[in-house]
Amino acid sequence: MNFLAPFESLSPVPFETTWRSPANIAFVKYWGKKGHQLPANPSLSMTLKNCFTETRVRFEVGTARPGVELLLNGVRQDKFAGKIETYLRSLASMPWLENVQVLVETRNTFPHGTGIASSASGLSAFALGLTDYLFHLSGVKVDFFRTASYLSRLASGSASRSVYGGFVSWGEESDLYASPVGVHPELAHLRDSVLVVSGEEKAVSSTAGHGRMSDHAYAEARFAQARTNYQRTLAALSAGDLTEIGAVLESEALSLHAMMLTAPSAFTLMRPNTLAAIEMIWAFRRETQLPLYFTLDAGPNLHLIYPESSQHKIRTFIAHELSPLALTVIDDECGEGPVKC
Ligand code: PMV
């Protein structure tokens, strides 16, 4: 299905819209692509609440300066503007862009480089604004969020999942867009405290990391593992089985980083304090039997996942034992998805 067909050959008009879109944390990881921005395996994430990007997009017509201008936290960022412009031009069926200036003002509620994917929140916030504009121009009234997910995916795969709240899957129902999945009420308010052990720029970007799966000796085994873990997570979410979810979470995080360590051109994004924290979490769980689990994205920082019911004891442990390993801790939880401001 060509999602963009209804938006071809439209005449641009001035328009302005603002969206807030949250980050998400993958429980089952997307790591490796097939074709253009299509996932090699299904992934599943929890949408966050407090960590979001707010983006105002203004489309100006008949301007002497067509193209993209972008301000991040009030500061002009030509590199990000260039990325958005390349993305817009890749949507080849949009000739109307030739006469339009796109002004983007964006800010994150969380600092850059904290292991919270600003590409997921940032690019989904932009794609939601773009979808809003396209729906306004064309009069299309159905499948708004599906279209926004499709457009987000073309910018960043994980962003496709940020357009919905709760738990969201991509690459099972469709490779083209993400869809919300059902969750047991007891898991609807899971907590995520992000332990930021390093704020340094990543040595290898996600894009380059995905690329290293293309000639990886363990690629097929990893994609098969992710498919199994996806089904396990789906079943455990619906049954409310946090022990099973925790087992998958940690296996996914360690497998993701094992793929980096065993890639033909090997690299690691973990830092000594990442491993120190993992060992302390395992010891804490053995000693207390409390349901605290970790996961990692493509970076050194840990996402600590636990239920609301154990929040008090677990936050005390995080504050006293884990936070000395970290620059900062950001407390978040499962959220309800994007909002139009
Ligand atoms: O969306 P990308 O291309 O930045 O890739 C995201 C990759 C992971 O964050 C490691 C996993 C995921 O599914 O979000």
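Every number here is computed from the coordinates shown, using simple stated rules; none is lab data. Please read all numbers here as calculations on a predicted model, not as lab measurements. Glycine also receives a Cβ, built like all others from the backbone with ideal geometry; neighbour counts cover every protein chain displayed.
Projecting the Cα atoms of L88, V28, F59 onto the charge dipole of region 1-98 (Cβ charges, centred on the Cα centre) puts V28 farthest toward the positive pole.
Given the convex hull of the Cα atoms of the chain, what is a quarter of its surface area in nm²? Please list the in-between numbers first.
Numbers: hull surface 66.9 nm².
Taking a quarter of the hull surface, the average projection is 16.7 nm².
Farthest toward the positive end of the dipole of region 165-297, out of T288, L275, V194, is the Cα of L275, where the dipole comes from beta carbon charges about the Cα centre. Among I25, I314, sorting on how many other beta-carbon atoms sit within 10 Å of each Cβ, with the fewest leading, yields I314, I25. With springs only between Cα atoms under 10 Å apart, run a GNM on the chain and tell me which of L302, L176, L88 wobbles the most. Between L302, L176, L88, it is L88 that shows the largest mean-square fluctuation.
Residues whose amide H comes within less than 5 Å of that of L190, counting only those at least five positions distant or on another chain, are C334 (H built at 1.01 Å from N in the peptide plane). Taking a sphere under 15 Å around the Cβ of V196 and counting the other residues whose Cβ falls inside, with K and R at +1 and D and E at -1, yields a net charge of -4. Placing +1 on each Lys and Arg Cβ and -1 on each Asp and Glu Cβ, with no other charges, gives the chain a dipole about its Cα centre of roughly 340 debye.
Calculated [222 nm] ellipticity per residue, helices only, for the chain: -11000 deg cm²/dmol; basis is -39500 (n - 2.57) per DSSP H run with n ≥ 4, divided by all residues, nearest 500. Among S158, S21, S309, the largest mean-square fluctuation in a Gaussian network model of the chain, built with springs joining Cα atoms closer than 10 Å, belongs to S309.
In the structure shown, the pairs K29/K49; K49/K202; K33/K313; K34/K340; K49/K79; K83/K202 are assessed against 30 Å; a Cα-Cα span above that value is assigned to K33/K313; K34/K340. Span-like helix check, the chain: qualifying full DSSP H segments, with Cα axial length of 20 Å or more and mean Kyte-Doolittle of 0.5 or more, are 118-138, 242-261.
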